[in-house]
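Inspection log for the structure reproduced underneath, given as structure tokens.
The values are calculated or read from the model by the stated rules, or taken from the named source; none is laboratory data. Everything quoted here is computed from the prediction, not taken from an experiment. Heads up, the Cβs are rebuilt from the backbone with ideal geometry, glycines too, and the neighbour counts pull from every protein chain shown. When the accessible area is computed, the model is the full protein with side chains, heavy atoms only, and any ligands, DNA or RNA have been set aside. Shrake-Rupley method; radii C 1.70, N 1.55, O 1.52, S 1.80 Å.
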Amino acid sequence: MKKMINIRNNIIIVLCVTIILMAIGFVAISVKLKAYRDKEESFDVVFYDVVKKSTIKGSAKAPVGNVSIDSSGKILNMDFSLFAAHDELTYSIIIKNKGTLPAKIIKIHKNPDYSISTYKNLIYPVSITTTDIEGKTLLPGDELEYKIVVYYNPSINKDVPKNFNYNLALITESN
């Protein structure tokens, strides 16, 4: 009889401990769920910083480039003045994911797109080359370097100063 009472007491103790552990687990899961539910997600990919890497003079007068990021960080405004063959400007632009969601860069929209022949003739013999970053994914807090090189190619025409504007805009999506 004592053995039967001892087994019942052990079963009662095990059940009480199980109930206590289940309650603790439920509280822990509830706290995590509340934190996850209250977490505000944001999507914010921006041009973060612009650094002029190099300037190469093709003649006595150095090329000039003015680059600015608009207030929201979505558009990059650029003005260039190149004066002679072999003038070159190189810029490094940092694109940063300031949001809490992963972001995929769909496209860098160029305005005007000087790779199209209609617009290319407007700045001839100047060429613009950029880093290909389309399709890259940025995790929250990640940065990506985007390079732009503006070069005045030698041509058979006399060197004529080339002044033009160039705008870039980010087109991104959440993964």
Excluding residues fewer than 8 positions from Lys74 in its own chain, the aspartates and glutamates with Cα under 14 Å of it are Asp44, Asp49, Glu173
Partner aspartates and glutamates whose C-alpha sits under 19 Å from that of Lys158, ignoring same-chain residues fewer than 8 away, are Asp87, Glu88
Once all protein chains are kept in place, Ser117 shows an accessible area at probe 1.4 Å, nearest 10 Å², of 80
Taking a crude spin-label model, label points 7 Å out from Cα along the C-beta direction, the Lys98 to Lys52 distance in nm is 2.4
In degrees, nearest 10, the alpha-carbon axis of helix 2-38 is tilted away from the dominant principal axis of the alpha carbons of the chain by 20
With all protein chains present, region 70-126 has a carbon and sulfur share of its accessible area (1.4 Å probe) in percent of 53
Length gained, Phe43-Asn167, 0.36 nm per residue minus C-alpha separation, equals 42.4 nm
Taking a crude spin-label model, label points 7 Å out from Cα along the C-beta direction, the Asp142 to Asp70 distance in nm is 2.6
Everything considered on the Cα gyration tensor (a ≥ b ≥ c; rounded for a/c under 1.5, else prolate if a/b is larger than b/c, else oblate), the chain must be described as prolate
Given pairs Lys39/Lys98; Lys52/Lys96; Lys104/Lys147; Lys96/Lys120; Lys57/Lys104 and cut-off 26 Å on Cα-Cα distance, the over-length ones are Lys96/Lys120; Lys57/Lys104
Between Gly99 and residues 5 or more places away or on another chain, the pairs with built amide H atoms under 5 Å apart involve Asp44, Gly141
Here, trypsin sites (Lys or Arg not before Pro) of region 136-165 satisfying both criteria (DSSP loop; at most 16 other Cβ within 10 Å) are Lys136, Lys158
For region 58-63, Karplus-derived ³J(HN,Hα) couplings (6.51, -1.76, 1.60; θ = phi - 60°; whole Hz; x for glycine and proline) come out as x, 8, 5, 9, 7, x
